[in-house]
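First the structure, in the form of structure tokens, and then the observations on it.
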Amino acid sequence: MKITPVSYAAAAKVKNIFIPLFKNESPAGDPLFMRLAPPVRKAVLKFAREEFRGDEGETKSVWLAGGAVRRVILFGLGEKTKWNARKAILIPRRFVRAAKAGRIGEYAASFDGDPAMFAHSSLMAQFEYNHYKAKPKEGWPEVKEIMLAVDDEKRADAARTVAEGIAIGEEVNTARELANTPGSDMTPSHLAKAAQSAARRTGLRATILDEKNLLRLGMGGVLGVARGSNEKPRFIILEYLKGPKDQKPLVLVGKGVTFDTGGINLKPEQYMYEMHMDMSGGAAVIHGMAAIARLKLAVNVVGLVPAVENMPSGSSYRPGDQLKSLSGKTIEVLNTDAEGRVILADALTYALRYKPGLIADFATLTGAAHVALGNYCSALFTNRDALTEKLVAAGTASGDYVWPLPLWDEYLHEIKGMFGDIANMAKNDRYGGAIHGAKFLEQFVEDAPFVHVDIAPRMTAVDSDLLSRGATGVGVRYITELARIYPRIETGDKRQETRRSKNE
Ligand code: BES
Ligand code: ZN
Ligand code: ZN
């Protein structure tokens, strides 16, 4: 898909013109509309008056005879007073959807917002995972080119931001590609290969550790979970060190469970279905870093992805097993289906080797996060309360929304091990599963600034996302935004709570 910023005059000559309008807003306020030929304007005004209300989600075509412009499509945005940034991100997707449905290959669009967002949102709507489907005779519907109408003096600027948005959108879609790949094809070694090729393409440094390396290091968590599968584990390390020498690195960690059967605690069928996407966090880290490299951000970033398959077999780890993690702490396995935190424990310990300014992990960790938050945002946890506001804002700015849940010590006793140091789930408590997962991870980061994003709620698209079914590529946009703000939030601060006096 090409996205070309053009002048309003040039856009006004395109065959298909897309114009978004608030409820009761006249098209006369739209700069692209005002450049259309007078007879076209007249026809559209009449139509808008008589047949178009501007309700949210309303989409109507005005057909025109003769002239360069054949069709103007009006997109209702609803009440202006109820408008927000989350709604804005859906406009480019509505455009692409309408184009695909009408087999419109090229259109000119009026869009009063960030051109980068316009680009990645359009690309995300274009994506469909149809590798395993026979191609229809007429081909897949595809938007070939979008002419984004902008003021003449803003064109050079828009071209630059559009290019950034395209880089981000392409990486989001490649992450979706990986996450959608069935478990038989997406194994730990395949994920490692995908990481290497993303690294080669974008100039990251990639190192892949195999089983022998993991044994030598003592990654008992990763090895423990991997034991039941014929597929050998991998540990993916990506480095992009283009920041100032004295900047501590941002270390990203992604859960790379290429298929999660639950292990000996086998999942019931309705819960196992989408578990080939349980490496979505890993895909986000790989392609988030690729995006950072393509945007040439001046930061130091490291990506770590432990990759395993969680299978039941005669060699599987069992409930009751004690795994010696890289940190030295033993993990008491109460449930083999809480495998993500077990492999992440080793990755978080490994992250400490880099003396990170911030560790941020992305993981489809718990169904409980989905229960707590519903479909529209990921769960955010941090051991630095002062960062919460900025981390939530990064979600809103990027389109990967996050919302905070507590990481309080009240929850810690619930995951204390009976015979080992720390249990991989709460034994006697059915409530707060997402928090228990986060609290478990926190035990492996010592005093480093830490953010955990439980992306389980956003793993698969829901209808209102206006994306094709399957993986959303959640995390890629967030990671890109996080790397952008990182130089401003890299504090190295001690925990806030320990700085305060005891009686406060
Ligand atoms: N990968 C799952 C969590 C998940 C579920 C992600 C649905 C996306 C959609 C994870 O490994 C898991 O099974 N978690 C358990 C933890 C429990 C056993 C403590 C869960 O959420 O039930
Ligand atoms: Zn699981
Ligand atoms: Zn899992």
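Values in this text are rule-based calculations from the coordinates and carry no lab data. The structure presented is a predicted model; accordingly, all values stated were derived computationally and were not measured. Reconstructed Cβ throughout: ideal geometry from the backbone, glycine too, with neighbour counts over all protein chains shown.
Filter the chymotrypsin sites (Phe, Trp or Tyr not before Pro) in the stretch 387-425 down to the DSSP loop ones having no more than 16 other Cβ atoms within 10 Å, then list what survives.
W408, F419
Which whole-number percent gives the relative contact order of the stretch 105-153, counting Cα pairs below 8 Å spaced six or more residues apart?
In percent, rounded to a whole number, it is 74.
If you average the alpha carbon positions of the stretch 189-231 and of the stretch 361-437, how far apart do those two centres end up, in angstrom?
26
In terms of Cα to Cα distance under 29 Å, which lysines are near enough to K245, apart from those fewer than 8 places away along the same chain?
List returned: K255, K296, K355, K390, K494.
Calculate, for A101 and R430, the FRET efficiency according to 1/(1 + (r/R0)^6) with r their C-beta to C-beta distance and R0 60 Å; round to the nearest 0.05.
Once the sixth-power term is evaluated, E becomes 0.85.
Using only Cα atoms, find the angle between the long axis of helix 340-351 and the longest principal axis of the chain, and express it within 0 to 90 degrees, rounded to the nearest 10.
80
Relative contact order of the chain, please, whole-number percent, based on alpha carbon pairs below 8 angstrom and at least 6 residues apart.
15
Suppose every K and R has +1 on its Cβ and every D and E has -1 on its Cβ; what is the size of the dipole of the chain about the Cα centre, in Debye to the nearest 20?
My answer is approximately 1400 debye.
What percentage of all Cα-Cα pairs in the stretch 200-261 are separated by more than 20 Å?
Across the stretch 200-261, Cα pairs with separations above 20 Å total 41 percent.
What does the convex hull of the alpha-carbon atoms of the stretch 1-118 project to on average, in nm²?
6.9
Placing one identical point scatterer on every Cα of the stretch 334-454 and ignoring solvent, what is log10 I(q)/I(0) from the Debye formula at q = 0.10, 0.18 Å⁻¹?
Calculated log10 I(q)/I(0) at the listed q: -0.28, -0.94.
Placing unit charges on C-beta atoms (Lys and Arg positive, Asp and Glu negative, everything else neutral), compute the dipole magnitude of the stretch 349-437 about its Cα centre in debye, rounded to 20.
That gives the stretch 349-437 a dipole magnitude of about 220 debye.
Can you classify the stretch 30-93 as rounded, prolate or oblate using the Cα gyration tensor, where a ≥ b ≥ c are the square roots of its eigenvalues, rounded means a/c under 1.5, and otherwise it's prolate if a/b beats b/c and oblate if not?
Verdict is prolate for the stretch 30-93.
Hey, what did the stretch 282-440 get for relative contact order, percent, Cα under 8 Å, at least 6 apart?
23
Could you tell me which of T181, V143, G165 has its Cα farthest along the dipole of the stretch 120-182 towards the positive end, charges placed at Cβ (Lys, Arg +1; Asp, Glu -1), taken about the Cα centre?
Towards the positive end, the residue furthest out is T181.
Given axes a ≥ b ≥ c from the Cα gyration tensor, I'd like to know whether the stretch 135-240 is rounded (a/c under 1.5), prolate (a/b larger than b/c) or oblate.
The shape class here is oblate.
Counting other Cβ atoms within 10 Å, which GluC sites (Glu not before Pro) in the stretch 37-141 have at most 12 and lie in a DSSP loop?
E79, E138
Whose amide H sits under 5 Å from the amide H of K416, counting only residues 5 or more places off or on another chain, with H placed in the peptide plane?
A423
If I model a spin label as a point 7 Å beyond the Cα along the Cα-Cβ vector, how far apart are those points for A85 and L215 in nm?
The two pseudo-label positions are separated by 5.0 nm.
Short version: what are the Cα gyration tensor semi-axes of the chain, square root of 5 times each eigenvalue, largest first, in whole Å?
Semi-axis lengths for the chain are 45, 23, 21 Å.
Under 20 Å between alpha carbons, and skipping anything fewer than 8 positions from K137 in its own chain: which lysines qualify?
K100
Once the principal axes of the Cα atoms of the stretch 215-352 are found, what is the range along each, listed largest first in whole angstroms?
Taking the Cα atoms of the stretch 215-352, the three principal extents are 49, 34, 21 Å.
Tabulate in residue order the Karplus-calculated ³J(HN,Hα) for the stretch 77-92, using 6.51 cos²θ - 1.76 cosθ + 1.60 with θ = phi - 60°, rounded to whole Hz; enter x for Gly and Pro.
Karplus-based 3J(HN,Hα) across the stretch 77-92 equals 10, x, 5, 4, 5, 9, 6, 7, 5, 5, 6, 4, 5, 7, 4, x Hz.
In degrees, nearest 10, range 0 to 90: what is the angle between the Cα axis of helix 433-442 and the longest Cα principal axis of the chain?
70
Direction-averaged shadow area of the convex hull around the Cα atoms of the stretch 47-180, nm²?
Convex hull of Cα atoms, orientation-averaged projection: 10.5 nm².
Using helices alone, what [θ] at 222 nm do you get for the chain, with -39,500 (n - 2.57) per DSSP H run of 4 or more residues, divided over all residues and rounded to the nearest 500?
After summing the helix terms and dividing by the residues of the chain, the value is -10500 deg cm²/dmol.
Mind giving me the nanometre distance, one decimal, between the label points for E51 and K144, set 7 Å out from Cα along Cα→Cβ?
In this crude spin-label approximation the distance works out to 2.8 nm.
What is the dipole size for the stretch 1-94, taken about its Cα centre, with +1 at each Lys and Arg Cβ and -1 at each Asp and Glu Cβ, in debye to the nearest 20?
With Lys and Arg at +1 and Asp and Glu at -1, about 280 debye.
Which trypsin sites (Lys or Arg not before Pro) in the stretch 261-363 pass both tests, a DSSP loop state and at most 16 other beta-carbon atoms within 10 Å?
Counting only loop positions with at most 16 other Cβ atoms within 10 Å, the trypsin sites (Lys or Arg not before Pro) in the stretch 261-363 are K296.
Would you mind computing, in nm to one decimal, how far apart the modelled labels at K416 and L266 are, each placed 7 Å from Cα along Cα→Cβ?
Result for the modelled spin labels: 3.6 nm.
Could you tell me how many degrees, from 0 to 90 and to the nearest 10, lie between the Cα long axis of helix 38-51 and the main elongation axis, the longest principal axis, of the Cα atoms of the chain?
The two axes meet at around 60 degrees.
Measuring from a point 7 Å past the Cα of K15 along Cα-to-C-beta, which residues in the stretch 70-113 have an amide N at less than 14 Å?
The answer is 70-72, 99-100, 102-108.
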